[in-house]
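Visitor: Encoded as structure tokens, here's the structure I'll be asking about.
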Amino acid sequence: MQAHAQFDMLKNAVGGGAGGSSAGGLAGSLGGLGAAGSLTSGSIGNATGVLQFCINNNYLSGANLSSASDVKDKLLGKLGTQSGSPAASPGYLDGAKGLLSSPDGKTVDLNGGGLREQLTRRVCAKILDQAKSFL
């Protein structure tokens, strides 16, 4: 049931609406994670890891994919790590597993298929924009 609530929060945050499901109440009880502001990463390391997740799972394409790879590599350099090695930065490994850690300490799992996959693509694009601001 928590996964369903997370899905509704993800939908709300990217403008997909609540869908009228009973999980909407659960979303509110989890601290308003669905607020658009919470779909940003709380750290450079986590944003870099989420970009790695988005690239590995083909959630970004075309120009966004090229840009994401470039931004990710630059951020890995900024974090003092080398591309391809496990980053020691807090949040990176969680991000690489698809766990977006928001600035307020909440976590959204971006793993999933179907409609959730479409929403994850939008989140990946938002994180790419945020990651560019870290450069």
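The values are calculated or read from the model by the stated rules, or taken from the named source; none is laboratory data. Predicted, not measured: the structure shown is a model, and the values here were computed from it. Note: ideal-geometry Cβ built from the backbone for every residue, glycine included; neighbour counts use all protein chains shown. Just the protein is used for accessible areas: all its heavy atoms, side chains included, with ligands, DNA and RNA removed. Shrake-Rupley method; radii C 1.70, N 1.55, O 1.52, S 1.80 Å.
Visitor: (1) open to solvent by 70 Å² or more (accessible area, probe 1.4 Å); (2) touching a residue at least 24 places away in the same chain (Cβ under 8 Å); (3) more than 13 Å from residue 39 (Cβ to Cβ): which one isn't true of residue 105, the others all being true?
Guide: With (1) open to solvent by 70 Å² or more (accessible area, probe 1.4 Å); (2) touching a residue at least 24 places away in the same chain (Cβ under 8 Å); (3) more than 13 Å from residue 39 (Cβ to Cβ) applied to residue 105, the lone miss is (1).
Visitor: When residues of the stretch 63-83 are filtered for being open to solvent by less than 80 Å² (accessible area, probe 1.4 Å) and at pLDDT below 90, how many remain?
Guide: 6
Visitor: For residue 91, which of the numbered conditions (1) over 19 Å from residue 59 (Cβ atoms); (2) open to solvent by less than 60 Å² (accessible area, probe 1.4 Å); (3) not charged (D, E, K, R) fails to hold?
Guide: Among (1) over 19 Å from residue 59 (Cβ atoms); (2) open to solvent by less than 60 Å² (accessible area, probe 1.4 Å); (3) not charged (D, E, K, R), residue 91 violates only (1).
Visitor: Across the stretch 39-66, which residue is farthest from the chain's Cα centre (by Cα) among those that are part of a helix (DSSP H, G or I) and among the hydroxyl-bearing types (Ser, Thr, Tyr)?
Guide: This residue is 66.
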